[in-house]
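Participant: The following block contains the structure, expressed as structure tokens.
Every number in this text was worked out from the coordinates using simple rules, so none of it is lab data. Bear in mind that the values here come from a model prediction, so they are computed numbers and not experimental data. Glycine gets a Cβ as well: all are built from the backbone with ideal geometry, and neighbour counts include every protein chain shown.
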Amino acid sequence: MGGGSPASHGRAPVPLDQLPDKGRVLCQGRIESVTYVPADRTAAFSAIVSNSGALRPGSARAGAPRARLRVVWLGRRRVPGIEAGTELKLEGMLSRSEGMPTIFNPRYEILSHQENE
């Protein structure tokens, strides 16, 4: 695994809807979507992560806004194991990019894969 495991010894992940505006964070969520860039553009692989329960039927309150986080791996066209439905624990420096909370080149741990989606 390219990102290694988060150094989360004794720390609990921060819920995505409670992330600060910036700073080092440890969080957890499920990949909602991934974006591949064309071969003629600078390599960057990104994914949108939402609350872990947000994609499970009946788990989100009706009409409740879904907290989202963008993660970007610069210089990569793909990251093995990172695909829609995968649950991750992520650690890195949080910033805002295009109005969305974003972590560039996060450390990550794959917690589970969602089958048959």
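Participant: Given 0.36 nm per residue, what is the gain on full extension from THR35 to MET100 after removing their alpha carbon distance, in nm?
Facilitator: 21.9 nm
Participant: A further question on this structure: Can you check what the net charge comes to around SER46, using other residues whose Cβ is under 13 Å from the Cβ of SER46 (Lys, Arg +1; Asp, Glu -1)?
Facilitator: Net local charge, SER46 excluded: +3.
Participant: Here's another thing I want to ask about it. Residues with beta-carbon under 15 Å from that of LEU94, excluding LEU94: net charge, scoring Lys, Arg +1 and Asp, Glu -1?
Facilitator: +4
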